[in-house]
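Working notes, beginning with the structure itself.
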């Protein structure tokens, strides 16, 4: 069973909520496998495999080619970008989809489709470093979505922005996230509205903007940096692992496609974008033809849990001030600490006899 399949099994029995599961999937499963007509060009997503759900057709999706072949024996399947797949399903008007039909299937109603689309879109928006925004005379457009409530419409592509541009006589322009956040603050908006006016429209929250702008959430990262500095090169693994387990986010390296990359045999982690930039500059000095890479702030919990099974050696702030290098059991230890903390936080509710019905079970209990 793959890591993704294990997560689906845990979501089925209520061990993982949608809020815990969905942020993990874009990194672990950037592409989704779909059954489609063999004569259709890649990207058109003319789906060919459906199951009935609540009297309506629900398209069937798969986490990987092996799972797809086992279920859809006679249907040609292809891998497609997860963000595009979910966007097209929503635009086609389907009210639900089924991921990995069978014992550990995940049923996504329309709300869950939108929330999962947002996670995949956030990964793409982070890679882009900004978004397309209708712009009038150099100013980012602000729209009123209800009386007294305004926001900034943002889009994944110039094409998606065109209908709003035509409506407001503006021009689609690409703007970086700090500029978009500043405009949201001027409009007293918590965050921008992604894909405004389109079927997949969904709001971004203040915490999403913080991640997109590269905010480093200083307190936990400062604590990790302090632990590393105080180690003076000594492998105080327990304290470092505990500091890692308490993080909300961590800086990594990404390539031009947005995929996580490393240099050498280590998983490179950093406590700030500055440390990452210093490492990149030194690596490029040593290897001038090194492929382009960039700092990337990622959610720590899903990243560590996903990579724990691979047991990579870990390098924190390598080549930039006080650094720390840990062996292959570092992330398994961190993941175990995270599970212990989660169990302790859940204990009071369990002791009070709170029966927690999983969101997957609630979805199927509705008639």
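Looking only at residues that are modelled with pLDDT of 95 or more and not in a strand (DSSP E or B) in the stretch 137-156, which one is nearest to residue 174 (Cα to Cα)?
Here the residue is 156.
Does the stretch 159-175 contain at least one residue that is over 21 Å from residue 128 (Cα atoms), buried (at least 16 other Cβ atoms within 10 Å of the Cβ) and free of Cβ contacts under 8 Å to residues at least 60 places away in the same chain?
yes
Anything in the stretch 45-60 that is touching a helix residue (DSSP H, G or I) at 6+ places or on another chain (Cβ under 7 Å) and at pLDDT 85 or above? List them, or say none.
The answer is 59, and nothing else.
Taking the options 85, 72, 42, name whichever one is crowded, with 16+ Cβ neighbours inside 10 Å, touching a strand residue (DSSP E or B) at 6+ places or on another chain (Cβ under 8 Å) and modelled with pLDDT under 85. Steps first, please.
Values: 85 fails: modelled with pLDDT under 85; 42 fails: crowded, with 16+ Cβ neighbours inside 10 Å.
Being crowded, with 16+ Cβ neighbours inside 10 Å, touching a strand residue (DSSP E or B) at 6+ places or on another chain (Cβ under 8 Å) and modelled with pLDDT under 85 holds for just one of 85, 72, 42, which is 72.
What are the residues in the stretch 60-87 that are closer than 17 Å to residue 25 by Cβ and in a helix (DSSP H, G or I), if any?
65, 67, 68, 82, 83, 84, 85, 86, 87
Has the stretch 2-20 got any residue that is at pLDDT 90 or above and farther than 16 Å from residue 115 by Cβ?
Within the stretch 2-20, none of the residues are at pLDDT 90 or above and farther than 16 Å from residue 115 by Cβ.
In this structure, is residue 307 in contact (Cβ under 8 Å) with a residue 40 or more places away in the chain, farther than 16 Å from residue 221 by Cα and assigned to a helix (DSSP H, G or I)?
Against the criterion (in contact (Cβ under 8 Å) with a residue 40 or more places away in the chain, farther than 16 Å from residue 221 by Cα and assigned to a helix (DSSP H, G or I)), residue 307 qualifies.
The values are calculated or read from the model by the stated rules, or taken from the named source; none is laboratory data. Source: prediction; values computed, not measured. Virtual Cβ from ideal backbone geometry, glycine too; neighbours counted across all protein chains shown.
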